[in-house]
1. Scanning for something under 18 Å from the mean Cα position of the chain (by Cα) and crowded, with 18+ Cβ neighbours inside 10 Å, does region 171-186 turn up at least one residue?
2. Quick check on my filter: what residues within region 19-68 are of a type in the set (Lys, Arg) and over 25 Å from residue 161 (Cα atoms)?
3. Scan region 186-205 and tell me whether some residue there is among the basic types (Lys, Arg) and in contact (Cβ under 8 Å) with a residue 24 or more places away in the chain.
4. For region 244-255, state whether one or more residues are under 21 Å from the mean Cα position of the chain (by Cα) and loosely packed, with under 15 Cβ neighbours inside 10 Å.
5. Quick one: which of 191, 230, 217, 205 is assigned by TED's automatic domain parsing to the domain that holds residue 78 and either assigned to a helix (DSSP H, G or I) or more than 22 Å from the chain's Cα centre (by Cα) (or both)?
6. Could you check region 247-359 for helices (runs of 4 or more DSSP H) lying wholly inside it with 3 or more residues that are within 20 Å of residue 227 (Cα to Cα)?
7. Among the numbered criteria (1) farther than 23 Å from residue 170 by Cβ; (2) buried (at least 20 other Cβ atoms within 10 Å of the Cβ); (3) not polar (S, T, N, Q), which single criterion is violated by residue 26?
8. Which residue pairs have Cβ atoms closer than 6 Å, lie 6 or more positions apart in sequence or on different chains, and pair a first residue in region 129-157 that is on the phi < 0 side of the Ramachandran plot and in the same structural domain as residue 51 (by TED's automatic domain parsing) with a second residue that is among the small types (Gly, Ala, Ser) and in a helix (DSSP H, G or I)?
Amino acid sequence: MKAILAYKNLIFLDQMVVSGGNFVIGILLARAMGMEGYGWFALLWMSVLFFLGLNQALVTRPLLSLAQNQKDQAHYLNGAFSLQLVISFFVFIISFIFFSFFQGFGLPQLSGGAVLVFSALTSLHLWFDFVRKIFILQKKYIHLFLADAIVYIGQIIGISCFYFLGVCNLSFVFSLLLSLHILVSLLFPVFFQFEILSKKAFVQFCRDQYDYVKWLFGQAVLQWFSGNYFILATGAILGVSVLGGIRIVQNIMGFTHVFLIALENLLPVPAAIEFKRNGTKGLTLFLQKSAIKYGAIFGFILLGLSLCAKPLIYYLYGSEWLSFSHLIPLFCLVYLLVFVGFILQTALRTIENTKALFAAYVATCIFSFCFANYFIQQFELIGLIAGLFITQSICIFIYLLNLKPLLWKTLYT
């Protein structure tokens, strides 16, 4: 019992470093780069998160859910390692080609060698996520904490120096991030633990993996566009400075990420174990208890953010950002649905019904493509919130439809 409490405390401490680090970094960047500069940073970082979402669908999420149940776990981990290397390489190539072409459109502060740095950073960020998931799987929570501390505390120190020296721009920030990712890779060389599969074994691994990830991959693409298309449309219609303001509100909402990201690491493995031992009834009871316990804490955080919206923006970012304060309570409503959706997603992934996740994001992506421009043009920022709220509601509705047989069986058996 003490060991379980210890690893749970380490996971939450680690997520406090990650979310707290992101929060402080967002403040420093917004103050140092201004509205437009921070808006450009937010736009570029969205591309990193896009590739990260694809990588999680193909490698790291299956890693946490499937590795526990493999007869030959070592072979599975070698396959995941090999696949991660291939994906990281191709992401570097794709990112470099895309942003080299994008230079022609006058992207500020990102030219020449900065494109190479940003492409390498994107690739290494995927590798960093793989390393983190390996530490979680192997229960090396101290390693996880130290790796995250190096990356996030290192960013705070570096960006603070840039801020006071007055040299904070995209090139300096991305160079700092790349250096920290390289440092972590050298200090925690997990690649020595695994072997690269032969061509034949790797092809077979990809075929086996495809059966599980085929819906998750499509879902990752559609999820990114369904959630971010509204934000991209807002930036395109209202300006990149407004995108910076939205990112600041999301940064404040980062307080909730202490729980959301921690639960993403904490729940899948025990949920899979509970399902294997006690079937659907055990899984449902486990997730119900988790939803009540963690939902109460999550709701309390959202209430605090809603009540303190104006003071938070005023003291952290200054009076010029107060025009965005009304968005915080509205984002809190959206995040209530995000929490409910996360619990239902965990159930679906555990029973390997990833098709339902894909169907949900097909529906929300269609909605976003059809109505995002209209919502933003007619209602501006309120239209953004309404769109995000509706997309989450659509997801939850489809999740419940697919979980109905499981819930019915649990209640009446």
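1. So far as region 171-186 goes, yes, one or more of its residues are under 18 Å from the mean Cα position of the chain (by Cα) and crowded, with 18+ Cβ neighbours inside 10 Å.
2. Once the filter is applied, which keeps residues that are of a type in the set (Lys, Arg) and over 25 Å from residue 161 (Cα atoms), region 19-68 yields only 61.
3. Taking every residue of region 186-205 in turn, none turns out to be among the basic types (Lys, Arg) and in contact (Cβ under 8 Å) with a residue 24 or more places away in the chain.
4. The answer is no; no qualifying residue exists.
5. 191
6. By residue number, 257-266, 327-350.
7. It is condition (1) that residue 26 fails.
8. 137/67; 152/21
The values are calculated or read from the model by the stated rules, or taken from the named source; none is laboratory data. Keep in mind it's a predicted model, so treat the numbers as computed, not measured. Quick reminder, even Gly has a Cβ in these numbers, built from the backbone with ideal geometry, and neighbours come from all protein chains shown.
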